[in-house]
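Reading through the structure tokens given below for one structure.
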Amino acid sequence: MELAIFYLVAAVAVLSALVAVAHRNPVVNVLSLIVTFFCVAVTFAMQGADFLAGAQVLIYAGAILVLFLFVVMLLGAPVVSGEETPRPIQKTLGAFLAAAVAAGAFFLFSSLRETGSNLPAAGNTTRALGRLLVGPHLFAFELVSVVLLAALVGALVLVKRKH
């Protein structure tokens, strides 16, 4: 039963993440990202990481994305039409960055698979979580900060287009 719930939550997370990236309406993007973050919180809770699940809901879905949603709705960000001029440099750089992130994730997961048995068993405490975040999971922790920075820059670009 637990495996079926995991597959269901993972499928909803991937689908809502794809909608968040591909849809042209900024409000739908933010709402889809909120669904994705809730799904990630469910997977954290299923793994026994109650602190991470709570932090995911409170900080990301509860504060940051709701703030983005209010900013997008109050500023009335325009819906992008499909008639814009193509930007080949940005598309090439985006594809290169996606490939680099995928390669980094592949090497990270392969190194964690090799050293996974050597890691100390972490308890469900904030001290153990902090040690894991600045220890073997530092790359993933910093990758999340880069993604949040990119979201902030995207919000600024949306605001700048209007003025």
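Hey, what did the range 1-57 get for relative contact order, percent, Cα under 8 Å, at least 6 apart?
Relative contact order, the range 1-57: 30 percent.
Please list, in order along the range 36-49, the HN-Hα scalar couplings obtained from phi with the Karplus expression 6.51 cos²θ - 1.76 cosθ + 1.60 (θ = phi - 60°), rounded to whole Hz, x for Gly and Pro.
4, 5, 5, 5, 5, 5, 5, 5, 4, 5, 5, 8, x, 8
Which whole-Hz couplings ³J(HN,Hα) result when phi for each residue of the range 11-21 is put into the Karplus expression 6.51 cos²θ - 1.76 cosθ + 1.60, θ = phi - 60°, listed in order with x for Gly and Pro?
Whole-Hz 3J(HN,Hα) from phi for the range 11-21: 5, 5, 5, 5, 5, 5, 5, 5, 5, 5, 7.
Rule-based calculations on the coordinates, nothing more; no lab input. None of these values were measured; they are calculated from a predicted model.
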